[in-house]
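Engineer: Next up is a structure, given as structure tokens.
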Amino acid sequence: TSQPAHPIKLRSEEDLISNFAVHPIRKSGRNSFTGITIGRAADNDIIIPVRTVSNFHAWVSEEFGRFFCYDAGSSYGTGVNQILLRNGERHPLDPGVRVNLGDVSATFVDAAGLFSWLGARLLLLRP
């Protein structure tokens, strides 16, 4: 069996703002929730230490080979492609979709999309 992944934790709000980061969507083993949890609290799978992100803000689940984002009753809201989700409401996460968690914005990409994006930028670095 594989070891649980370490939770993703950005050290500060400045880390989040000043550094581009890619975070895999996977369970950390720090909670018993079925989905991948996102929030400020230390027991989330993805930890985002930003004031506008609730302790347990949202979760992501894979259902029939497709990812979905759910709002967990967050104070500042969860949006997917500018659609504000209500508590427990879900929205599919298709590659390229924008996800907003309070003031934090992210883009959901699958492996193929990430490699394509990286490849386009790496080509610029070649002599």
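The values are calculated or read from the model by the stated rules, or taken from the named source; none is laboratory data. If you're wondering where the values come from, they're calculated on a predicted model, not measured in any experiment. Note: ideal-geometry Cβ built from the backbone for every residue, glycine included; neighbour counts use all protein chains shown. Side chains are part of the model used for accessible areas, which takes the heavy atoms of the whole protein and leaves out ligands, DNA and RNA. Shrake-Rupley method; radii C 1.70, N 1.55, O 1.52, S 1.80 Å.
Engineer: Within segment 79-92, how many residues turn out to be surrounded by 12 or more Cβ atoms within 10 Å (Cβ to Cβ), part of a loop (DSSP other than H, G, I, E, B) and either modelled with pLDDT of 95 or more or aromatic (Phe, Trp, Tyr) (or both)?
Structural biologist: Of the residues in that region, 1 qualify.
Engineer: If we keep just the residues of segment 107-125 that are over 24 Å from residue 68 (Cα atoms) and not aliphatic (A, V, I, L, M), which is modelled with the lowest pLDDT?
Structural biologist: Only one residue tops the list, namely 121.
Engineer: Under 8 Å between Cβ atoms, at least 6 apart or on separate chains: pull out the pairs that start in segment 75-87 with a residue that is without any contact (Cβ under 8 Å) to a residue 60 or more places away in the chain and under 19 Å from residue 48 (Cβ atoms) and end on any residue that is among the basic types (Lys, Arg) and surrounded by fewer than 16 Cβ atoms within 10 Å (Cβ to Cβ).
Structural biologist: Note: pairs meeting the criteria are 79/98; 80/98.
Engineer: Considering segment 93-104 alone, what residues qualify as being open to solvent by 60 Å² or more (accessible area, probe 1.4 Å) and part of a strand (DSSP E or B)?
Structural biologist: 98
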